[in-house]
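Participant: Below you will find the structure I want to go over with you.
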Amino acid sequence: MGKVYLTGAGPGDLELLTVKALRLIREADVIIYDRLVNLDILKESKDGCEFIYVGKEDSNHTIPQDEINEVIYKTALKHKVVVRLKGGDPFVFGRGGEEGIYLRKRNIKFEFIPGITSAIAVPEYAGIPVTHRGVTVSFRVVTGHESSKEQSQIPWDNYKTDDTIVFLMGLHRLKHITQKLMEIGKPKDYPIAVISRGTRHDEKTIVGTLEDIYEKAKELPTPALIVVGEVVKLRDELSWFEK
Ligand code: SAH
């Protein structure tokens, strides 16, 4: 029986990979990877390493998590070093916990290898600090994707404060998100940014207000995340990556 390394691959830029993750990618017999993983990382693997893709092509073709769990488990029965590679960090909307629980129940050993999460690194590449002295003392990372359209699981009323809010998986719900934020009392001209393909060579950021961002940013390619808060304005002084 092998061991599974539930590993964060970082947000995109190949160099935003931890030394530990790189070592395991080089040692891996099998790498089970997601759509958000920068494929150049796989070139670091040893000869004969096997690759299994469990990403989804679009939101209509998701491989059910149960099936992914089973693939990881079966692979670990046959191979010694199994790297389960995920975009960003395994615990930030990465379902790493679920995979760990599944393996523990079946007596498969595992380790978690944290990754640099897009929630912090992508705004950073866009010159938007998630906290900034004198501007905000906290930030939240929220899913923009809700399992049911009718019943919101997002506690919108909690977001009346001036925390920075980072929405992951939210581009397709951008209009809904901005409407909700205005409904709970945020001003129409409150700053918001959408960052597409962050930390990659074709990263693109669009800055706007709750009122106009949807029209400005709806066509941006994915992956993309949304940052809401006064910190967005700091991009004027801190932008450094995009040409
Ligand atoms: N575990 C990941 C997040 C998984 S959820 C992490 O820690 O980063 C997937 C969402 O992350 C995407 O829908 C998008 O909102 C965001 N995301 C991931 N990589 C991104 C990137 N390079 N640029 C912009 N958003 C990204």
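Participant: Tell me whether region 66-84 contains one or more residues that are under 16 Å from the mean Cα position of the chain (by Cα), among the hydrophobic types (A, V, I, L, M, F, W, C) and either crowded, with 22+ Cβ neighbours inside 10 Å or not assigned by TED's automatic domain parsing to the domain that holds ASP13 (or both).
Facilitator: Our first condition is that a residue be under 16 Å from the mean Cα position of the chain (by Cα); within region 66-84, this holds for 84.
Next, from what is left, pick out any that are among the hydrophobic types (A, V, I, L, M, F, W, C): none.
Among the residues of region 66-84, not one is under 16 Å from the mean Cα position of the chain (by Cα), among the hydrophobic types (A, V, I, L, M, F, W, C) and either crowded, with 22+ Cβ neighbours inside 10 Å or not assigned by TED's automatic domain parsing to the domain that holds ASP13 (or both), which makes the answer no.
Participant: Now, a different point. Between a first residue in region 223-239 that is over 30 Å from ASP34 (Cα atoms) and without any contact (Cβ under 8 Å) to a residue 40 or more places away in the chain and a second residue that is more than 16 Å from the ligand (Cβ to nearest atom) and of a type outside the set (D, E, K, R), which pairs have beta carbons less than 7 Å apart while being 6 or more apart in sequence or on different chains?
Facilitator: none
Participant: Those residues that are part of a helix (DSSP H, G or I) and at pLDDT below 95, I need them from region 119-169; list them, please.
Facilitator: Correct list: TRP156, ASP157, ASN158, TYR159, LYS160.
Participant: Which one of these does PRO191 not meet: (1) within 15 Å of the ligand (Cβ to nearest atom); (2) touching a residue at least 40 places away in the same chain (Cβ under 8 Å)?
Facilitator: Every condition holds for PRO191 apart from (1).
Participant: LEU103 versus (1) assigned to a helix (DSSP H, G or I); (2) within 16 Å of the ligand (Cβ to nearest atom): which is the lone unmet condition?
Facilitator: LEU103 satisfies every listed condition except (2).
Participant: Could you list all residues from region 42-83 that are touching a strand residue (DSSP E or B) at 6+ places or on another chain (Cβ under 7 Å) and of a type in the set (A, V, I, L, M, F, W, C)?
Facilitator: Within region 42-83, LEU42, CYS49, PHE51, ILE52, VAL54, VAL71, ILE72, ALA76, VAL81, VAL82, VAL83 qualify.
Participant: Sticking with this one: What number of residues in region 38-52 are modelled with pLDDT of 95 or more and surrounded by 13 or more Cβ atoms within 10 Å (Cβ to Cβ)?
Facilitator: Adding up the residues that qualify gives 8.
Participant: Has region 19-37 got at least one residue that is touching a residue at least 60 places away in the same chain (Cβ under 8 Å), in a loop (DSSP other than H, G, I, E, B) and outside the structural domain of HIS201 (by TED's automatic domain parsing)?
Facilitator: Taking region 19-37 and keeping what is touching a residue at least 60 places away in the same chain (Cβ under 8 Å), we get 20-21, 24-25, 36.
So of that shortlist, the ones also in a loop (DSSP other than H, G, I, E, B) come out as 36.
From what's left, outside the structural domain of HIS201 (by TED's automatic domain parsing): 36.
Checked against the condition, which is being touching a residue at least 60 places away in the same chain (Cβ under 8 Å), in a loop (DSSP other than H, G, I, E, B) and outside the structural domain of HIS201 (by TED's automatic domain parsing), region 19-37 yields at least one hit.
The values are calculated or read from the model by the stated rules, or taken from the named source; none is laboratory data. For clarity, every value in this text was computed on a predicted model and none was experimentally measured. Ideal geometry is used to build each Cβ from the backbone, glycine not excepted, and the neighbour counts take in all protein chains shown.
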